[in-house]
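The structure appears below as structure tokens.
Every number in this text was worked out from the coordinates using simple rules, so none of it is lab data. This structure is a prediction, so every number in the text was calculated from the model and none was measured. Cβ placement follows ideal geometry from the backbone for every residue including glycine, while neighbour counts extend to all protein chains displayed.
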Amino acid sequence: MHNPVRAKLAAGAVSLGTWNSIGHTIVVEILGRAGFEWVVMDLEHGVMDFPQLVAHCQVLEGLGVVPMCRLPAIRPEYFKWALDAGVGGVIVPWVRSAADARAAVQYAKYPPQGMRGTALTRAQGFGETFDDYVGTANAETMVILMIEHIDAVQAIDAILEVPGVDAVFIGPYDLSASMGCMGDLHHPALEAAVQAVLRAAQAKGIAAGLHVVKPAPGEWQQRAAEGFQLIALGMDVTLLTDAARGLLK
Ligand code: 3PY
Ligand code: MG
């Protein structure tokens, strides 16, 4: 397999994606057709289950968009289910330590690098593309760690040292909650933490990303200029809410 998002980040470029939390293929088809390079199916907070993730991967691949999955938690079965569905990357929530990061890489990678189980599922073409997939998956599938707790900010250097981490990705809402300023996304302490994570990632040559949940005009361009490379813009439920309310204004 080849992962164009991974290649773009490795080349130092910015890649834009968005967030899917509504478990219906029509929603992901609309997002995929809009021109995003990747779409994250949210199994942590979204209204969807693993069979729906599989269907969403089918739709996105047909559109040439890389499917990603935010896992519900750091548990080995979730990595297997999502990667076997054919996602190009797993977004791992609530990483708080280097031990969490090591566990995530272990669960995401085939031996000898890790302990991902082997199977003949969608990702391996139900067996037909097994050799190609298992020969390339460790390098091409991305392990993206969410930095969304102040503990992770404090442990960021140790987290970034873990081999196999492709990117760190800031979740501003949970991070603000852990810092006592829940939802205040312009709080100076939160912004200082965001910049500290960016600087640490850049120093180690690892891509940094973030979820711009409700993008203000010019906001993602500013984040890209700062050095963020993996930028998720909006999410289906807020896009729909804003569009509907906008019509009535
Ligand atoms: C957060 O802001 O906590 C997120 O998880 C965004 O996706
Ligand atoms: Mg979060």
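Right, Val134: out of contact with any Cys (no Cβ under 8 Å at 6 or more places or on another chain) and within 16 Å of Ile74 (Cβ to Cβ) or not?
Values: out of contact with any Cys (no Cβ under 8 Å at 6 or more places or on another chain): yes; within 16 Å of Ile74 (Cβ to Cβ): no.
Judged against the criteria, Val134 is not a match.
State which residue is farthest from ligand 1 (Cβ to nearest atom) when the search covers only the stretch 213-223 and only residues that are within 22 Å of Ala7 (Cα to Cα) and either free of Cβ contacts under 8 Å to residues at least 24 places away in the same chain or touching a helix residue (DSSP H, G or I) at 6+ places or on another chain (Cβ under 8 Å) (or both). That would be Gln221. Looking at the stretch 118-140, can you tell me whether even one residue there is touching a helix residue (DSSP H, G or I) at 6+ places or on another chain (Cβ under 9 Å), of a type in the set (Val, Ile, Thr), over 15 Å from Gly88 (Cα atoms) and within 12 Å of ligand 1 (Cβ to nearest atom)? No: the stretch 118-140 contains no residue that is touching a helix residue (DSSP H, G or I) at 6+ places or on another chain (Cβ under 9 Å), of a type in the set (Val, Ile, Thr), over 15 Å from Gly88 (Cα atoms) and within 12 Å of ligand 1 (Cβ to nearest atom). Selection of the stretch 80-100 for residues being away from ligand 2 (no atom under 16 Å from the Cβ) and out of contact with any strand residue (DSSP E or B) (no Cβ under 6 Å at 6 or more places or on another chain) yields Lys80, Trp81, Leu83, Asp84, Ala85, Gly86, Ser97, Ala98, Ala99. When Leu16 is tested against (1) closer than 25 Å to Ala224 by Cβ; (2) in contact with a strand residue (DSSP E or B) (Cβ under 9 Å, 6 or more places away or on another chain); (3) without any contact (Cβ under 8 Å) to a residue 40 or more places away in the chain, only condition (3) is not met.
The set of residues in the stretch 54-99 being surrounded by fewer than 24 Cβ atoms within 10 Å (Cβ to Cβ), part of a helix (DSSP H, G or I) and of a type in the set (A, V, I, L, M, F, W, C) consists of Val54, Ala55, Val59, Trp81, Ala85, Ala98, Ala99.
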